[in-house]
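Structure first, then comments.
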Amino acid sequence: MTKQLRNSRIAGLGHYVPEKVIKNADLEKLMDTSDAWIVERTGIHERRYFEPGKDTTANMAANAARVALERAGLEAKDLDMIVFATLSPDYFFPGSGVLLQRELGISDIPCFDIRNQCSGFIYALSLGDQYIKSGMCNNVLVVGSEIQSSGLEFNDRGRSVSVIFGDGAGAAVLTPSDSLEKGILSTHLHAQGEFAEELAAINPSSNLEQRLTHEMIDDGSTYPYMNGSTVFKHAVTRFPEVIMEALNQNNVTPEDLDLIVPHQANLRITQFIQQKMKLPEGKIFSNIQKYGNTTAASVPIAFSEAFEEGRVKEGDLICLAAFGSGFTWASALIRW
Ligand code: UT7
């Protein structure tokens, strides 16, 4: 039976960040860096690191999901699907989606893992949206959760990457919207694999005779690599492009937007988007100062904080946007 298309809407947002605060001064003790360099180049003042034995990628997602479910007025047993975005899964396999399902005390519903790094949450949101639009699901949990700190190199060699990333989780509960004018109006997803190795953690690799070797550990090739300036250049082009794609598709202009919630990659990238789109500062959300770059968790953490700060109101037009490893980039336009 063909079901009539409908929109999905975000019925609840939530986030969880670990308690341990790591200030720039703490990193100064581990590597040749400075608070002044980190603040000037990235805008980051501090970030959160997980507590081993307490926080896991899946249980941080569960903490965020419980808040989102409560705000949506739903219980875990009401969910029809889980879509889990992460680049730092609990295990090589199985995916973190099934672990989150177990954490929430539910079973049987399908669980996806999405591996699209900084754009992962918007990719996941788009997937959940399609299942609701098609009528196959009613309540979909979409999460982004990351533990970066256990995979960073805390010495001079790793400084350009390690100072940027942080840990945390964010979640959204999608339900059907009662109107085609409200909810997720559109999503746009892109990828360009030609740049896959410009921001990547290559090892351990299934392509090798032995996935993990002592040499890899010694030469540091298990750590993430980022060609910062190349990533930066592509980011400042793709962010405005994918936001404008969303606006054009929906016949609205930047002036119609109430809020942009971008992936928190670098405060300078966010400021660039704001200037390029000629937006007042209050219309673009930043919390990278407190959490650093939490990759797939950054958009839902930021969106959830914006909601808590009263910056997401009924009828508001909100654009989510992200760019990152892959390269991948994406946007979602939402009428709240
Ligand atoms: O979330 C996914 C998407 N990611 C992004 O969008 C990140 C995009 N890239 C960036 O945000 C920036 O490229 C970084 C923040 C990573 C780096 O900033 P940059 O302004 O591009 O600096 P740079 O890499 O060109 O390095 C400038 C200098 C270098 O020294 P020399 O060669 O000029 O002597 C680096 O060695 O800064 C040095 N440096 C550092 N100094 C102190 C690099 N890392 C550090 C550090 N502390 N942590």
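Here are some residues: Val67, Val98, Val173, Val161. Which one is buried (at least 24 other Cβ atoms within 10 Å of the Cβ) and either in the same structural domain as Gly43 (by TED's automatic domain parsing) or more than 14 Å from the ligand (Cβ to nearest atom) (or both)? Quick ask: steps written out before the conclusion?
Details: Val67 fails: buried (at least 24 other Cβ atoms within 10 Å of the Cβ); Val98 fails: buried (at least 24 other Cβ atoms within 10 Å of the Cβ); Val161 fails: buried (at least 24 other Cβ atoms within 10 Å of the Cβ).
The unique qualifying residue is Val173.
Check the stretch 137-145 and report whether any residue there is in a helix (DSSP H, G or I) and more than 16 Å from the ligand (Cβ to nearest atom). Checking the stretch 137-145: not a single residue is in a helix (DSSP H, G or I) and more than 16 Å from the ligand (Cβ to nearest atom).
Is there a residue being at pLDDT 95 or above and in contact with a Gly (Cβ under 8 Å, 6 or more places away or on another chain) anywhere in the stretch 89-103? Looking through the stretch 89-103, at least one residue is at pLDDT 95 or above and in contact with a Gly (Cβ under 8 Å, 6 or more places away or on another chain).
Could you list all residues from the stretch 296-316 that are at negative phi and outside any helix (DSSP H, G or I)? Step through it out loud before you land on a result.
Within the stretch 296-316, the subset at negative phi is 296-309, 311-314, 316.
Once the filter is applied, which keeps residues that are at negative phi and outside any helix (DSSP H, G or I), the stretch 296-316 yields Glu309, Arg311, Val312, Lys313, Glu314, Asp316.
Restricting to the stretch 35-52, and then to whatever is basic (Lys, Arg) and more than 9 Å from the ligand (Cβ to nearest atom), can you tell me which residue is most open to solvent (accessible area, probe 1.4 Å)? It would help to see each step written out before you state the result.
Step one: of the stretch 35-52, the residues basic (Lys, Arg) are 41, 47-48.
Then drop every residue that is not more than 9 Å from the ligand (Cβ to nearest atom), which leaves 47-48.
Working: Arg47: 0, Arg48: 49 Å².
Only one residue fits best here, namely Arg48.
Which of the following residues is touching a Lys or Arg at 6+ places or on another chain (Cβ under 7 Å) and at pLDDT 95 or above: Leu189, Leu185, Leu247? So that I can check it myself, show each step before the final result.
Numbers: Leu189 fails: touching a Lys or Arg at 6+ places or on another chain (Cβ under 7 Å); Leu247 fails: touching a Lys or Arg at 6+ places or on another chain (Cβ under 7 Å).
Unique residue meeting the criteria: Leu185.
Scan the stretch 230-266 for residues that are over 20 Å from the mean Cα position of the chain (by Cα) and small (Gly, Ala, Ser) and report the count. Result for the stretch 230-266: 0. The set of residues in the stretch 101-123 that are more than 16 Å from the ligand (Cβ to nearest atom) and of a type outside the set (Val, Ile, Thr) comprises Gln101, Arg102, Glu103, Leu104, Gly105, Ser107, Asp108, Pro110, Cys111, Phe112, Asp113.
Quick check on the stretch 275-283. Is at least one of its residues touching a Leu at 6+ places or on another chain (Cβ under 8 Å), away from the ligand (no atom under 12 Å from the Cβ) and in a loop (DSSP other than H, G, I, E, B)? Yes, there is a match, as at least one residue in the stretch 275-283 is touching a Leu at 6+ places or on another chain (Cβ under 8 Å), away from the ligand (no atom under 12 Å from the Cβ) and in a loop (DSSP other than H, G, I, E, B). Among the criteria (1) touching a Phe, Trp or Tyr at 6+ places or on another chain (Cβ under 9 Å); (2) open to solvent by 10 Å² or more (accessible area, probe 1.4 Å), the one Ile301 does not fulfil is (2). The C-beta contact set for the stretch 218-236 (first residue free of Cβ contacts under 8 Å to residues at least 40 places away in the same chain, second residue within 9 Å of the ligand (Cβ to nearest atom) and assigned to a helix (DSSP H, G or I), distance under 9 angstrom, 6+ apart or interchain) comprises Phe232/Arg268; Phe232/Ile269. Where helices (runs of 4 or more DSSP H) fall entirely within the stretch 20-117, those with at least 3 residues that are of a type in the set (D, E, K, R) are at 35-42, 57-72. Can Lys23 be described as more than 22 Å from the chain's Cα centre (by Cα), farther than 21 Å from Ser304 by Cβ, surrounded by fewer than 22 Cβ atoms within 10 Å (Cβ to Cβ) and not assigned by TED's automatic domain parsing to the domain that holds Asn293? It is false that Lys23 is more than 22 Å from the chain's Cα centre (by Cα), farther than 21 Å from Ser304 by Cβ, surrounded by fewer than 22 Cβ atoms within 10 Å (Cβ to Cβ) and not assigned by TED's automatic domain parsing to the domain that holds Asn293.
Going through Gly220, Gly183 one at a time, which residue ends up being among the small types (Gly, Ala, Ser), touching a strand residue (DSSP E or B) at 6+ places or on another chain (Cβ under 9 Å) and at positive phi?
Values: Gly220 fails: touching a strand residue (DSSP E or B) at 6+ places or on another chain (Cβ under 9 Å).
Result: Gly183 is the single residue among Gly220, Gly183 that is among the small types (Gly, Ala, Ser), touching a strand residue (DSSP E or B) at 6+ places or on another chain (Cβ under 9 Å) and at positive phi.
Among the residues of the stretch 253-269 satisfying the criterion of being within 10 Å of the ligand (Cβ to nearest atom) and surrounded by fewer than 20 Cβ atoms within 10 Å (Cβ to Cβ), which is nearest to Val163 (Cα to Cα)? Within the stretch 253-269, the match that is nearest to Val163 (Cα to Cα) is Leu267.
Take the conditions farther than 30 Å from Asn139 by Cα, open to solvent by 40 Å² or more (accessible area, probe 1.4 Å) and charged (D, E, K, R) and apply them to Asp178. Does it pass? Give the derivation first.
Working: farther than 30 Å from Asn139 by Cα: no; open to solvent by 40 Å² or more (accessible area, probe 1.4 Å): yes; charged (D, E, K, R): yes.
Judged against the criteria, Asp178 is not a match.
Which ones in the stretch 55-98 are farther than 17 Å from Ala297 by Cβ and among the charged types (D, E, K, R)? Glu70, Arg71, Glu75, Lys77, Asp78, Asp80, listed by residue number. One residue stands out among those in the stretch 225-246 that are more than 9 Å from the ligand (Cβ to nearest atom) and of a type in the set (Ser, Thr, Tyr): the one that is surrounded by the most Cβ atoms within 10 Å (Cβ to Cβ), which is Tyr225.
The values are calculated or read from the model by the stated rules, or taken from the named source; none is laboratory data. Just so we're clear, the structure is a prediction, and the values are computed from it rather than from any experiment. When we count neighbours, we look across all protein chains shown, and the Cβ atoms used for this are built from the backbone with ideal geometry, even at glycine. Each accessible area value is taken on the protein alone, full model and side chains, heavy atoms only, with ligands, DNA and RNA left out. Shrake-Rupley method; radii C 1.70, N 1.55, O 1.52, S 1.80 Å.
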